[in-house]
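First comes the structure, then the notes that go with it.
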Amino acid sequence: MTPKAGEVIVADLQKRSQKGLDFAKQMLQAEKMEHPKLRGALEHYLANWRDFTHPGLFSLACETVEGDPDAVAPAQAALAMMAAAFDIQDDVIDKSKVKLNAPTVYGKFGVEMAILIGNAFLIEGFKLLVDTAKMLPREKEQKVLDKTKQLLFEVGNAHALEVGMKKKGNITPSDYLKITQMKAAGLELDMYLGSVFGGGEDTDVQILSKVGRNLGALATLRDDLIDVFDIEELCQRVAVNDLPLPLIFAMQDPDAEEKIVSITSKPQMTDEDVAELVEITLATKPVVELKEQMHSLIEKGINITNRLTKRKSSSKLQALLSFMVEDL
């Protein structure tokens, strides 16, 4: 049986990520941690660390500009650790106790250990990036550090805006898309660092950064839509009054709102309930428009890749962009 395009893409990103993740794990395990619970929290996260998106995109961008990803594995590891720091702390913000069928650090060890482990990943990752950037020409070294700071602050600001708007209960579709574009700075950073450490020309670095921004927006929109399909994730979010944003948009339709509230207020949702929620949500005008935005982003991203001067992996980038609406 021929695998779906998405399965092929995921397998490729997983393979690309392995060297950087292994490097990062070795560095973190070598650190001295006095408290056994903190060490336990670290080992738990490392045992369940499956991030292939950030290090995988770094590798793909590096290869696209004809660089050797294996030669810059420390930079890939630095990126992976900084991304993990945000992931761990997002679980605290979202109160996510389980992810991908395994307890999160927050879910198993509590908020204090999650914050401390997140700090450890961020410190280790940024220190490694600073050290690795010294291999670049002096002008690029400082630019890499400044750009990393700028894009990570943008991601942080996006999450802060989202938390504030959710508490006020006044997120509009335009607010959501603005926050989505800001969160996309994380994947822009993946592509930027991969292309710079791969020795890319400035033109290609700029193009791949734009592709990363498009991919980041698409990935966020896809994840939010998938959260409506995933009964475990959906139940967690309903329990803490943090509905996926596509559901919030769907509830702008009074008829849809009545049906959604009726389902999500049940003590326990069934697979049939989730199937009905998906059907209701995907049929509403705001969510239909959201999917139209995704198709527009894909088209723009593909057009951008056609401007690359070095196009070794451009077909893979285009396949990755198209995958973002698979099965939705």
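Every number in this text was worked out from the coordinates using simple rules, so none of it is lab data. None of the values given here were measured: they were computed from a predicted structure. Heads up, the Cβs are rebuilt from the backbone with ideal geometry, glycines too, and the neighbour counts pull from every protein chain shown.
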Item to check | Per-q log10 I(q)/I(0), the chain, q = 0.10, 0.11, 0.13, 0.15 Å⁻¹ (Debye; single scatterer per alpha-carbon; no solvent) | outcome: -0.60, -0.73, -1.02, -1.32
Next on the checklist: For LEU321, LEU46, LEU187, LEU122, which order do you get if you count the other beta carbons within 10 Å of each Cβ and list the fewest first?
Outcome noted: LEU46, LEU122, LEU321, LEU187
Item to check | Ranked list, fewest to most other Cβ atoms within 10 Å of each Cβ, for ASP51, ASP327, ASP190 | outcome: ASP327, ASP51, ASP190
Next on the checklist: What does the net charge come to around HIS54 if you take all other residues with beta carbon closer than 10 Å to its beta carbon, with K and R at +1 and D and E at -1?
Outcome noted: -3
Checklist outcome for this item: Expected unfolding gain across LEU145-ASP68 under the 0.36 nm per residue rule, minus the alpha-carbon gap, is 25.6 nm
Checklist entry - Which FRET efficiency value, to the nearest 0.05, is calculated for GLU232 and LYS300 with the Förster distance at 41 angstrom and r the Cβ-Cβ distance? => result 0.75
Next on the checklist: So if I restrict to the alpha-carbon atoms in segment 174-217, what is the Rg, and what is Dmax, the biggest pairwise distance, in Å?
Outcome noted: 11.1, 37
Checklist outcome for this item: Comparing ALA30, ALA219, ALA133 in a Gaussian network model of the chain (Cα, 10 Å), the one with the largest mean-square fluctuation is ALA30
Item to check | Crossing angle, helix 285-305 versus the chain [Cα axis fit, 0-90 degrees, rounded to tens] | outcome: 20 degrees
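Count the net charge of all other residues whose Cβ sits under 10 Å from the Cβ of GLY212, scoring Lys and Arg as +1 and Asp and Glu as -1.
Working: positive: LYS210, ARG213; negative: GLU188, ASP190.
Once all neighbours under 10 Å are counted, the net charge is 0.
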Checklist outcome for this item: Out of GLN26, VAL98, PHE323 - ranked by how far each Cα lies towards the positive end of the dipole of the chain, with unit charges on the beta-carbon of charged residues - the top one is GLN26
Item to check | Cleavage-rule hits, GluC sites (Glu not before Pro), segment 249-328, DSSP coil, Cβ neighbours within 10 Å at most 15 | outcome: GLU326
Checklist entry - Over segment 1-74, with a single point scatterer placed on each C-alpha, what log10 of the ratio I(q)/I(0) does the Debye formula yield at q = 0.11, 0.12, 0.13 1/Å? => result -0.37, -0.43, -0.49
Checklist entry - Which of ILE302, ILE248, GLY125 sits farthest toward the positive end of the charge dipole of segment 5-323, with +1 on the Cβ of Lys and Arg and -1 on the Cβ of Asp and Glu? => result GLY125
Item to check | Residues ILE298, ILE88, ILE231 arranged by fewest to most Cβ contacts within 10 Å | outcome: ILE231, ILE298, ILE88
Checklist entry - If you place +1 on the Cβ of every Lys and Arg and -1 on the Cβ of every Asp and Glu, how big does the dipole about the Cα centre of segment 181-238 come out, in debye to the nearest 20? => result 160 debye
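Given only helices, namely DSSP H runs of n ≥ 4 each adding -39500 (n - 2.57), what is the per-residue ellipticity at 222 nm of the chain, to the nearest 500 deg cm²/dmol?
Values: 15 runs with 253 residues, N = 328.
Helices in the chain give a 222 nm mean residue ellipticity of -26000 deg cm²/dmol.
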Next on the checklist: Using the Cα centre of segment 5-323 as the reference point, and only Cβ charges (+1 on K/R, -1 on D/E), how large is the resulting charge dipole? Debye, rounded to the nearest 20.
Outcome noted: 940 debye
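Give me the net charge of ALA30's neighbourhood, meaning all other residues with Cβ under 15 Å from the Cβ of ALA30; Lys, Arg count +1, Asp, Glu -1.
On the way: positive: LYS25, LYS32, ARG39, LYS127; negative: ASP22, GLU31, GLU34, GLU43, GLU124, ASP131.
So the environment of ALA30 carries a net charge of -2.
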Next on the checklist: Placing +1 on the Cβ of each Lys and Arg and -1 on the Cβ of each Asp and Glu in the chain, which of PHE229, MET191, VAL278 has its Cα farthest towards the positive end of the resulting dipole?
Outcome noted: MET191
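To the nearest 0.05, how large is the calculated FRET efficiency for VAL288 and ALA102 if R₀ is 45 Å and r is the Cβ-Cβ distance?
Working: r = 34 Å, r/R0 = 0.76.
Once the sixth-power term is evaluated, E becomes 0.85.
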